1. Can you tell me the accessible area per residue over the range 122-183, all protein chains present, probe 1.4 angstrom, in square angstrom?
2. Expressed as a whole percentage, what fraction of the accessible surface of the range 87-179 belongs to carbon and sulfur atoms when a 1.4 Å probe is rolled over the protein heavy atoms?
3. Per 0.36 nm of contour for each residue apart, how much would the distance between Asp185 and Val118 grow if the chain were fully extended, relative to their Cα-Cα spacing?
4. Starting at the first residue of the range 128-135, write each ³J(HN,Hα) from the Karplus equation 6.51 cos²θ - 1.76 cosθ + 1.60 with θ = phi - 60°, in whole Hz, x for Gly and Pro.
5. List the aspartates and glutamates whose Cα sits under 16 Å from the Cα of Lys212, skipping any in the same chain fewer than 8 residues away.
6. Once label points are set 7 Å from the Cα along Cα→Cβ at both Leu32 and Phe140, what is their separation, rounded to one decimal in nm?
7. Treating cross-link reach as a plain straight distance, find the aspartates and glutamates whose alpha-carbon is under 13 Å from the alpha-carbon of Lys200, omitting any fewer than eight places away in the same chain.
8. What does the accessible area per residue of the range 58-121 come to in Å², with a 1.4 Å probe and no ligands, DNA or RNA counted?
Amino acid sequence: MLHMKKLFALFALLAISGIPTLAQHRDGETPLFEVNGGYTYMRWEVPSFAQPPSSFNYNGFNAGAAYNVTNWLAVVADLSWVYNTQGASNANLKSHIYSYLAGPRIYPLGHHKLTPFVHGLVGVASYHLHVPASGSGVTFIPEFNETDNNLSFAFGGGVDWKLTRHISIRLAQLDYQQTRALRADAVASGASPENQNNFKYSGGVVFRFGEK
């Protein structure tokens, strides 16, 4: 939780520090269309019926696209694929989470050299679990696979720094994302179904096309 608060504080500082450079909108500042890709980190909250531990670290990739309707409003698609592998004590458990989200993004100060934004996204998160076969004879445990697709939503924001007319750097995109994985497993074990409240950081390169 402390780590999450520090990152959100950093995002706020970056946004505030850029305000003096945002004097006014100039023609050509706003691209018509943007695509982005880069790195994603997710801190995923493990359902209580499966604890310990309380959370896992996932690392992976993100990609997205945005159509800028105006200087301050865009429609975006945000995709991420993150992975986690546990050690021998957890039977080499491997899991990954694929998120497919879309929704509106708002640029409260428009598009400039430093461009902060906020968004609200909704879609599907797909949780996949793989446990390889282990043991032999009477101790043999067969391979286990599970896939669970459920509603997911996220809200957060970020900051882009324009390098050139066609390239920006996404310094940070910080999101709260809720997933709803393993609810049926919780019920089957006699526990109450739960949602997972997760933190996600993304960063990378943004390619800009056209002009508004």
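1. With all protein chains present, the range 122-183 gives 50 Å² per residue.
2. 67
3. Contour length minus the Cα-Cα distance gives 20.7 nm.
4. Couplings: 10, 10, 9, 10, x, 4, 8, x Hz.
5. Here the aspartates and glutamates satisfying the reach criterion relative to Lys212 are Asp27, Glu29, Glu34.
6. That separation, rounded to one decimal, is 6.2 nm.
7. Cα-Cα hits under 13 Å: Glu45, Asp78, Asp175.
8. Accessible area per residue: 42 Å².
The values are calculated or read from the model by the stated rules, or taken from the named source; none is laboratory data. From a predicted model like this one, the values you see are computed outputs, not experimental measurements. We place every Cβ from the backbone using ideal geometry, glycine too, and count neighbours over all the protein chains shown. In case anyone asks, the SASA skips ligands and DNA or RNA and just uses the protein heavy atoms, side chains included. Shrake-Rupley method; radii C 1.70, N 1.55, O 1.52, S 1.80 Å.
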